[in-house]
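Engineer: Quick one: this structure, given as structure tokens, is what I'll be asking you about.
The values are calculated or read from the model by the stated rules, or taken from the named source; none is laboratory data. In this text the structure is predicted, and so the values were computed from the model without any measurement. Cβ coordinates were reconstructed from backbone atoms using ideal geometry, including for glycine residues, and neighbour counts include every protein chain displayed. All accessible areas refer to the heavy atoms of the entire protein, side chains included, with ligands and DNA or RNA removed. Shrake-Rupley method; radii C 1.70, N 1.55, O 1.52, S 1.80 Å.
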Amino acid sequence: KYAGTTPGTHEVAARLLRTGMRHDLVARHIYDDEPFAALRLLGGALDRSVLEASAVGGLGLVWTAVSAAERDALGLPLDAVERVIDVLRIATEAEVACVLKQDDTLAWRVSMRSKGRIDVSAVAMELGGGGHRYAAGFTGHGEPDAVLASVRDALGSAPHLPE
């Protein structure tokens, strides 16, 4: 599914399948097994999501935020928010997806995903974080609007790469 997948990746997968492993059970456990509270959190995060079609030089930005209070109310740890970016990033109108996740210290863990035209690792490094071209993040402090403004600013100066 991702650009980093190589023939070697498929060769390793083939070797694993030859062992008789139940890949369907492994995949279900990893990708399709969430508590109902996590689904409620996802629904709320998607309901609050914002599409800024003119952002990123017209390539588009979609974003949302999940507070520590919201997680606490549902009894969920920070890692329960990881699924949100995977769903948000599929928005056709946005090259970049961003999720602000408030941790227990009230800092914002910011996850970004790119479809390939923007190197989000360069954006994250400018903001004190890291990652790779398609997936990166950093930790921000203060109000979520200020953290998001720093993302917008960094995205505004990010070079556009060919598809």
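Engineer: In the stretch 67-97, whose amide N lies under 15 Å from the spot 7 Å out along Cα-to-Cβ of residue 50? List them in ranges.
Structural biologist: 67, 97
Engineer: Taking Cα pairs under 8 Å and at least six residues apart, what relative contact order does the stretch 97-139 come out at, in percent?
Structural biologist: Result for the stretch 97-139 is 34 percent.
Engineer: So, one more: Over the chain, with the other protein chains present, what is the accessible area per residue in square angstrom, probe 1.4 angstrom? Could you put the intermediate results ahead of the total?
Structural biologist: Numbers: 9270 Å² over 163 residues.
Solvent-accessible surface per residue comes out at 57 Å².
Engineer: To continue, here is another question. Determine the relative contact order of the chain: mean sequence separation of Cα pairs under 8 Å and six or more apart, normalised by residue count, in whole percent.
Structural biologist: It rounds to 16 percent for the chain.
Engineer: Let me understand the stretch 67-114 better: what is its radius of gyration from the alpha carbons, and its Dmax, in angstrom?
Structural biologist: Rg, Dmax (Cα atoms, Å): 11.5, 34.
Engineer: How large a share of the accessible area of the chain, in percent, is made up of carbon and sulfur atoms when the probe is 1.4 Å and the other protein chains stay in place?
Structural biologist: 56
Engineer: Shifting gears a bit: Compute the FRET efficiency between residue 132 and residue 24 as 1/(1 + (r/R0)^6), taking r as their Cβ-Cβ distance and R0 = 41 Å, and round to the nearest 0.05.
Structural biologist: In this case the efficiency is close to 0.90.
Engineer: OK, next. Per residue of the stretch 64-75, what does 6.51 cos²θ - 1.76 cosθ + 1.60 with θ = phi - 60° give for ³J(HN,Hα)? Whole Hz please, x for Gly and Pro, Karplus curve as stated.
Structural biologist: Result, ordered by residue: 7, 9, 10, 7, 5, 4, 5, 4, 4, 4, 9, x Hz.
Engineer: Let a ≥ b ≥ c be the square roots of the eigenvalues of the Cα gyration tensor of the stretch 1-47; is it rounded (a/c under 1.5), or, if not, prolate (a/b larger than b/c) or oblate?
Structural biologist: Details: a/c = 7.17, a/b = 1.89, b/c = 3.79.
Oblate is the answer for the stretch 1-47, as a/c is 1.5 or above yet b/c matches or exceeds a/b.
Engineer: Shifting gears a bit: Give me the one-decimal Kirkwood hydrodynamic radius in Å for the stretch 1-126, with the sum taken over alpha-carbon pairs.
Structural biologist: With all distinct Cα pairs of the stretch 1-126 included, I get 16.5 Å.
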